[in-house]
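Q: What follows is a structure written as structure tokens; I'll ask about it next.
The values are calculated or read from the model by the stated rules, or taken from the named source; none is laboratory data. Since the structure is predicted, the reported quantities are computational estimates derived from the model, not experimental observations. Positions of Cβ are backbone-derived with ideal geometry, glycine not excepted, and every protein chain shown enters the neighbour counts. Heads up: the accessible areas ignore ligands, DNA and RNA and are worked out on the full protein's heavy atoms, side chains in. Shrake-Rupley method; radii C 1.70, N 1.55, O 1.52, S 1.80 Å.
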Amino acid sequence: MKVIISERAKYNRDQIARYIFRKFGLKALLDFRKSYKETKRYIAQHPEGCEVEEHLSDEQYTYHFTNINGLTKLLYRIDGETIFIVDMWDVRQEPPSVVR
């Protein structure tokens, strides 16, 4: 399946990466990047393999989520043969109010 990353998810991914680098250094950043790539690969191969986010799912879309390195939540939806990564955030922060 094709994976498309929203601008919001890209922005948040970059913010998280900068924070990890500043706070924990290069090795932690490289670990995060590796885990992020592995997560994208996994959801492309097993789109239904992650838990459903019941609070955000509606009649139009079912949202799934997974964690990266235990500290970053990645939210995505499936539309036909495409997976849209709609958002991601550090779980130590409040979740975003609007992810659509």
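Q: Let me confirm something: among 5, 43, 83, which residue is at pLDDT 95 or above, β-branched (Val, Ile, Thr) and either open to solvent by 80 Å² or more (accessible area, probe 1.4 Å) or in contact with a His (Cβ under 8 Å, 6 or more places away or on another chain) (or both)?
A: 43
Q: OK, next. Does residue 36 satisfy the criteria of being among the hydroxyl-bearing types (Ser, Thr, Tyr), without any contact (Cβ under 8 Å) to a residue 12 or more places away in the chain and assigned to a helix (DSSP H, G or I)?
A: Details: among the hydroxyl-bearing types (Ser, Thr, Tyr): yes; without any contact (Cβ under 8 Å) to a residue 12 or more places away in the chain: no; assigned to a helix (DSSP H, G or I): yes.
For residue 36, the condition - among the hydroxyl-bearing types (Ser, Thr, Tyr), without any contact (Cβ under 8 Å) to a residue 12 or more places away in the chain and assigned to a helix (DSSP H, G or I) - is not met.
Q: So, in the stretch 8-40, exactly how many residues are open to solvent by 80 Å² or more (accessible area, probe 1.4 Å) and of a type in the set (Ser, Thr, Tyr)? Lay out the reasoning, then the answer.
A: As a first pass, look at the stretch 8-40 and keep what is open to solvent by 80 Å² or more (accessible area, probe 1.4 Å): 8, 11, 18, 21-24, 26-27, 30, 33-34, 37-38.
Then drop every residue that is not of a type in the set (Ser, Thr, Tyr), which leaves 11.
Residues in the stretch 8-40 being open to solvent by 80 Å² or more (accessible area, probe 1.4 Å) and of a type in the set (Ser, Thr, Tyr): 1 in total.
Q: Please go through the stretch 49-67 and give me each residue that is loosely packed, with under 10 Cβ neighbours inside 10 Å and either within 19 Å of residue 80 (Cβ to Cβ) or among the aliphatic types (A, V, I, L, M) (or both), ordered by number.
A: Listed by number, the residues that qualify are 58, 59, 60.
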